[in-house]
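Input: a single structure, listed below in structure tokens.
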Amino acid sequence: MGLADADVAALAADSALLDTKLAALANADAAHAQAAAEKTATRRAIEGRVRALARRIKAAPGYTEALGAQLSIVGPEDSTDLTAAKPTLTAKAQARGAVEIAFKKSKSDGVNLYAQREGDAGWVFLARDTESPYLDTRPLLTAGKPEQRRYKAIYVLGDDETGQFSDEITVTATP
């Protein structure tokens, strides 16, 4: 082919450089996912402690609504009628075919999530989740090929679905 040793060496160096950059990207993705998970876990733990403290303060003998307002531990009453309400979903494609689905559970116990992919005869129960977001980690139907996924959810109280289904959202899951 008439390639000089220098040409072959340059191609080998370029290949090694690209491999290094791809490995760095994979490490950065993993570090980002770990940092995001730690942030979420930390926030949930702190919120739990703050809510427990607020409950203790509200149960104390000297507690008044005025004191609660001064401490900013009195929020508006949630008057949502779950029998007529529907969850709101947002979704974001993640690396390696995963999709993150965020929802607000209002005063429900959680949501039942349903999904539909190309080839599914109908909606498939995906999960019952009590904390947002949910991460759909199912592999792509065809490795390396993006696919459309549709999602919807309904509130859950106890063991029963209640209210209306959310609006359907569509996300392209990518490799």
Residue count, the stretch 147-162 (criterion: at pLDDT 95 or above and either assigned to a loop (DSSP other than H, G, I, E, B) or under 13 Å from the mean Cα position of the chain (by Cα) (or both)): 1
Single condition residue 131 does not satisfy, out of (1) under 11 Å from the mean Cα position of the chain (by Cα); (2) part of a strand (DSSP E or B): (2)
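Residue-wise test of (1) farther than 28 Å from residue 52 by Cα; (2) in a strand (DSSP E or B).
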{"residue": "80", "(1), (2)": "no, no"}
{"residue": "83", "(1), (2)": "yes, no"}
{"residue": "91", "(1), (2)": "yes, yes"}
{"residue": "101", "(1), (2)": "no, yes"}
{"residue": "105", "(1), (2)": "no, no"}
{"residue": "108", "(1), (2)": "no, no"}
{"residue": "111", "(1), (2)": "no, yes"}
{"residue": "115", "(1), (2)": "yes, yes"}
{"residue": "120", "(1), (2)": "yes, no"}
Kindly indicate whether any position in the stretch 149-156 is touching a residue at least 24 places away in the same chain (Cβ under 8 Å), loosely packed, with under 15 Cβ neighbours inside 10 Å and farther than 16 Å from residue 90 by Cβ. no
If I ask for residues that are hydroxyl-bearing (Ser, Thr, Tyr) and more than 30 Å from residue 100 (Cβ to Cβ), which ones from the stretch 1-37 would you list? 15
Quick one: would you say residue 62 is loosely packed, with under 10 Cβ neighbours inside 10 Å and free of Cβ contacts under 8 Å to residues at least 40 places away in the same chain? yes
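The values are calculated or read from the model by the stated rules, or taken from the named source; none is laboratory data. It should be emphasised that the depicted structure is a prediction, and the values quoted were computed from it without experimental measurement. Heads up, the Cβs are rebuilt from the backbone with ideal geometry, glycines too, and the neighbour counts pull from every protein chain shown.
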